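The values are calculated or read from the model by the stated rules, or taken from the named source; none is laboratory data. Quantities reported herein were computed from a predicted structural model and do not represent experimental measurements. Here Cβ is always computed from backbone atoms with ideal geometry, including for glycine, and neighbour counts include all displayed protein chains.
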Amino acid sequence: MQTKQTTKSRLEPFALDRAFTFFECGPVMLLSAAKDGQNNVMTASCHASMGFEPTVGVMLGAWNYSYHTLLETGECVACVPGADLMRKTIAIGNCSGADIDKFKTFRLTPQSAKIVKAPLISECLKCLECVVERKIAVGGAYLFVLRGVAAWINPHRKERRAFHAMGDGTFVIDGRTVDMRDKMTKWQDCI
């Protein structure tokens, strides 16, 4: 039986060059890198989980100062800031580490990582030390496949919510968590 659609429920064309906003759902992250004793951090929202290993894909281009450091060092730290750091995270993304010391300017606390030389960011909720597994050319940018080698959390942060870029200058802050583990066979042992 086919249902009749009203005009209000029909799909409409959308600009293809903005369609990435359909899937832009991972938390905004801060990507730290270090070279020659100089720390840098950039904001990244164009990324994706690529498996349970953990592996993260991040799109960067030659216009990013951190891109060159990542190419040379082959390592970084992917950090998830809390919603209380949203304005600071956006400001970090609107300037270049070629011009300023972002750790000093934005009063971020670098913490020594266990394996990589890039720093953890103490103010963040979570940090994943990463090494570059692959670099794949995609249009005028590169997809860096980052393999996690050590993971960190900050259980002392009062603000536990992350935030997500919608790709159009708007953001969504994590809301209520719904526990459905009892409905999923894989996670029943975690209850």
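Observations, loosely collected:
- Complete set of residues in region 98-108 that are within 10 Å of SER32 (Cβ to Cβ) and assigned to a loop (DSSP other than H, G, I, E, B): LEU108
- Residue within region 146-156 that is farther than 13 Å from VAL56 by Cα, of a type outside the set (Asp, Glu) and crowded, with 19+ Cβ neighbours inside 10 Å present: no
- Selected residue (criterion: surrounded by the fewest Cβ atoms within 10 Å (Cβ to Cβ)) from residues of region 109-126 that are outside any loop (DSSP other than H, G, I, E, B), within 15 Å of the chain's Cα centre (by Cα) and touching a residue at least 60 places away in the same chain (Cβ under 8 Å): LEU120
- When restricted to residues that are modelled with pLDDT of 95 or more and in a strand (DSSP E or B), region 59-77 contains 3.
- Selection from region 1-35 of residues that are within 24 Å of GLU123 (Cβ to Cβ), modelled with pLDDT of 75 or more and of a type in the set (D, E, K, R): LYS35
- Filter result (in contact with a helix residue (DSSP H, G or I) (Cβ under 8 Å, 6 or more places away or on another chain), under 18 Å from ILE115 (Cβ atoms) and surrounded by fewer than 17 Cβ atoms within 10 Å (Cβ to Cβ)) within region 36-82: none
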